[in-house]
Amino acid sequence: MKVFTTGQVAKICKVAPRTVSKWFDSGRLRGYRIPGSQDRRIPREYLIKFLKEHGMPLGDLEDEAMAKVLIVAQDQVLVENVKRELPLERSFKLAVAASGFDAGIQAESFHPDCIIVDFSIGRTEALQICQNLRRNAEFAEVILIALLPDDGSSTSFDRSSINETFKKPFDAALLAERLRTLIGAKKELV
């Protein structure tokens with residue numbers, strides 16, 4: 001859990017440290033005091049919640065506060081349905097890749113918390129994307145969700161690298177809720 005001093009919070013909020021102390025002392029900004037001293041510490045999630053409640057910009061905390069989702073799919077209807085269910089202005093940032101190569105480039109630059117892979121791009125390519133991500137230590141903690149086609153074929157493969165699977169057609173609202181739960185638990189979104 002990352003914590004900030006009143007001075008660090010003051011820089012983030014572009015106010016005087018005394019203002020942060022007043023917020024803390026009045027109970028508006030939650031945190032704790034260091035035992036045996038008057039120093040205050042504000043945990044990251046309390047600071048983000050305070051900034052959101054007061055309509056203040058998140059600044060450098062924005063990337064930490066946003067849940068980043070990469071969708072690997074060629075189906076524009078699917079992409080639009082997911083975008084509709086994950087309002088971008090409320091804690092979600094989305095990126096889209098149409099191929100395995102594009103997914104690799106996007107993953108490196110975007111640093112997603114979750115990658116949704118639509119197996120309709122091709123089962124072999126989709127499995128390759130999942131396996132490549134799991135081999136890279138940088139993406140070991142990324143949540144992987146597979147969207148499996150309901151074409152009647154048997155979809156037997158090693159699912160150990162995938163956190164969740166959804167069979168198409170699926171309810172986009174259900175997927176969005178599952179994303180909120182999985183990413184929220186990982187990032188302590190407030």
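The values are calculated or read from the model by the stated rules, or taken from the named source; none is laboratory data. Keep in mind it's a predicted model, so treat the numbers as computed, not measured. Note: ideal-geometry Cβ built from the backbone for every residue, glycine included; neighbour counts use all protein chains shown.
Hey, among E53, E45, which residue is of a type in the set (D, E), under 22 Å from K22 (Cβ atoms) and in contact (Cβ under 8 Å) with a residue 24 or more places away in the chain?
E45
Mind checking whether some residue in region 65-78 is over 22 Å from C130 (Cβ atoms) and at pLDDT below 85?
For region 65-78, residues over 22 Å from C130 (Cβ atoms) and at pLDDT below 85: present.
Tell me, which residue of region 18-47 that is of a type in the set (G, A, S) and in a loop (DSSP other than H, G, I, E, B) is nearest to A185 (Cα to Cα)?
This residue is G31.
Has region 50-63 got any residue that is small (G, A, S), within 18 Å of the chain's Cα centre (by Cα), modelled with pLDDT under 90 and under 25 Å from I116 (Cβ atoms)?
Checked against the condition, which is being small (G, A, S), within 18 Å of the chain's Cα centre (by Cα), modelled with pLDDT under 90 and under 25 Å from I116 (Cβ atoms), region 50-63 yields no hits at all.
Can you run down the residue pairs with Cβ atoms below 6 Å, 6 or more apart or on separate chains, where the first is in region 135-163 and under 12 Å from S120 (Cβ atoms) and the partner is modelled with pLDDT under 85?
The qualifying pairs are L147/K168; L148/T155; P149/K168; D150/K168.
Looking only at region 9-33, which residues are surrounded by 11 or more Cβ atoms within 10 Å (Cβ to Cβ) and either among the β-branched types (V, I, T) or out of contact with any helix residue (DSSP H, G or I) (no Cβ under 8 Å at 6 or more places or on another chain) (or both)?
V9, K11, I12, V15, T19, V20, K22, Y32, R33
Would you confirm whether or not region 17-37 contains a residue that is at pLDDT below 90, in the same structural domain as G122 (by TED's automatic domain parsing) and among the hydroxyl-bearing types (S, T, Y)?
no
Output the residues belonging to region 109-136 that are within 30 Å of I48 (Cβ to Cβ) and more than 15 Å from the chain's Cα centre (by Cα).
Step one: list which residues in region 109-136 are within 30 Å of I48 (Cβ to Cβ), which gives 109-117, 133-134, 136.
Once the filter is applied, which keeps residues that are within 30 Å of I48 (Cβ to Cβ) and more than 15 Å from the chain's Cα centre (by Cα), region 109-136 yields V117, L133, R134, N136.
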